[in-house]
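Q: A single structure is presented below for examination.
The values are calculated or read from the model by the stated rules, or taken from the named source; none is laboratory data. These numbers come from a predicted model, not from an experiment. Here the Cβ positions follow ideal geometry from the backbone for every residue, glycine too, while neighbour counts run over all protein chains shown. For the accessible areas, the whole protein counts, side chains as well, though only heavy atoms, and no ligand, DNA or RNA atoms are used. Shrake-Rupley method; radii C 1.70, N 1.55, O 1.52, S 1.80 Å.
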Amino acid sequence: MITPMPSRFRLLCAAMVLLLAACASGPTHNPTVFPFEIEREALAAKPLKTVVIAHVNLGAPSRNYLDEVTPVIDGRVASYMEKNGYNVLPQRTFRQHWNTAVRAFGDPVDPTTGRVNMKTFSQLMQSVRDRMQEETDLDAFVFTDLIELETPFNGGLKHLARWDGVSRRPSLQGPGSGVSGDFDWNLPASVVSLQVTVFDMELKRLFVSRGGIDATDAIDTRSSSGRYVRRRNILENSSYIQEGIRLAFHPLIEMQDWPGNP
């Protein structure tokens, strides 16, 4: 004969099951989340409504092979901000005023070194700000830099790379289907993150953060010793792009399953 469990014990078991299920379905902590900076008081005093996404980087230009995906990223950023209540002005408005300012003050990027003359950059931004302030109700400028970093795929048996809040497995490229037993998993691979920086109309920084997207390197299966090669398709995973955007905007736009510590 099976003795039925006391009702109190059954309730305790049910509560533990629900607790475990909640833990399993909650966000997985990732210690690599970027330490964002946000001016909460300034944003509370004057919430942002109308923004424009700059077509240029705040820092040095992104690598050439990222140029093709940059407009895609900016388009996804614009959609994400619009879905969260922002009015996003057409990027061509910023581009037109930027090009006019470049003719007046010069290009801030040295084509030989890729370095940015910040004095010239500031002159350009002040000029663009003045023109857009006259013509629009703009509240802020949003810069979306694609930053390339290096990190190894040495996390556990699945060989995960972790950076800026994401975990990614390596991809393979070549005729083979496996990885050489001699492959050095501590070898760093190139990965990309989206860095979002927001400035108000006084050109004061209100927010900066970063979200990982994906690796730009793949394991070359043709190599007997193991090495990385540049991926043929760069940042083609739509869900990875969206995750990077959500991470990069938190907490300016709250990410419900943000993997950082509360």
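Q: Answer with yes or no whether Val191 is modelled with pLDDT of 95 or more, of a type in the set (Val, Ile, Thr), out of contact with any Cys (no Cβ under 6 Å at 6 or more places or on another chain) and farther than 20 Å from Gly75 by Cα.
A: yes
Q: Separate question: Report whether or not Arg92 is in contact with a Lys or Arg (Cβ under 7 Å, 6 or more places away or on another chain) and open to solvent by 40 Å² or more (accessible area, probe 1.4 Å).
A: no
Q: Suppose we filter segment 206-232 for residues that are assigned to a strand (DSSP E or B), among the β-branched types (Val, Ile, Thr) and either modelled with pLDDT of 95 or more or buried (at least 17 other Cβ atoms within 10 Å of the Cβ) (or both); how many remain?
A: Counting residues in segment 206-232 that are assigned to a strand (DSSP E or B), among the β-branched types (Val, Ile, Thr) and either modelled with pLDDT of 95 or more or buried (at least 17 other Cβ atoms within 10 Å of the Cβ) (or both) gives 3.
Q: Sticking with this structure for a sec: Quick one: in segment 177-191, of everything that is aliphatic (A, V, I, L, M) and not in a loop (DSSP other than H, G, I, E, B), which residue is surrounded by the fewest Cβ atoms within 10 Å (Cβ to Cβ)?
A: Looking at residues that are aliphatic (A, V, I, L, M) and not in a loop (DSSP other than H, G, I, E, B), I get Ala189.
Q: Check Asp145 against each of (1) part of a strand (DSSP E or B); (2) farther than 30 Å from Tyr80 by Cα; (3) of a type outside the set (A, V, I, L, M) and name the one condition it does not meet.
A: (2)
Q: Determine, yes or no, whether Val72 is in a helix (DSSP H, G or I), buried (at least 17 other Cβ atoms within 10 Å of the Cβ), within 15 Å of the chain's Cα centre (by Cα) and touching a residue at least 40 places away in the same chain (Cβ under 8 Å). Steps first, answer last, please.
A: Details: in a helix (DSSP H, G or I): yes; buried (at least 17 other Cβ atoms within 10 Å of the Cβ): no; within 15 Å of the chain's Cα centre (by Cα): yes; touching a residue at least 40 places away in the same chain (Cβ under 8 Å): yes.
Taking the combined requirement at face value, the residue does not satisfy it.
Q: Based on what the data block shows, is Phe121 within 19 Å of the chain's Cα centre (by Cα) and either closer than 13 Å to Phe94 by Cβ or hydrophobic (A, V, I, L, M, F, W, C) (or both)?
A: No.
Per-residue answers, yes or no, for (1) part of a helix (DSSP H, G or I); (2) without any contact (Cβ under 8 Å) to a residue 24 or more places away in the chain; (3) surrounded by fewer than 16 Cβ atoms within 10 Å (Cβ to Cβ):
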{"residue": "Ala60", "(1), (2), (3)": "no, no, yes"}
{"residue": "Tyr65", "(1), (2), (3)": "yes, no, yes"}
{"residue": "Ala78", "(1), (2), (3)": "yes, no, no"}
{"residue": "Asn99", "(1), (2), (3)": "yes, yes, yes"}
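Q: In addition: Could you say which residue among Met201, Met255 is over 20 Å from the mean Cα position of the chain (by Cα) and under 30 Å from Glu39 (Cβ atoms)?
A: Met201
Q: Does Leu146 satisfy being among the hydrophobic types (A, V, I, L, M, F, W, C), free of Cβ contacts under 8 Å to residues at least 24 places away in the same chain and open to solvent by less than 50 Å² (accessible area, probe 1.4 Å)?
A: Considered against the rule, which asks whether it is among the hydrophobic types (A, V, I, L, M, F, W, C), free of Cβ contacts under 8 Å to residues at least 24 places away in the same chain and open to solvent by less than 50 Å² (accessible area, probe 1.4 Å), Leu146 comes out as no.
Q: Something else: Among the listed residues Leu247, Leu235, Leu194, Leu203, which satisfies the condition of being part of a loop (DSSP other than H, G, I, E, B), touching a residue at least 12 places away in the same chain (Cβ under 8 Å) and buried (at least 22 other Cβ atoms within 10 Å of the Cβ)?
A: Going through Leu247, Leu235, Leu194, Leu203 in turn, the sole match is Leu235.
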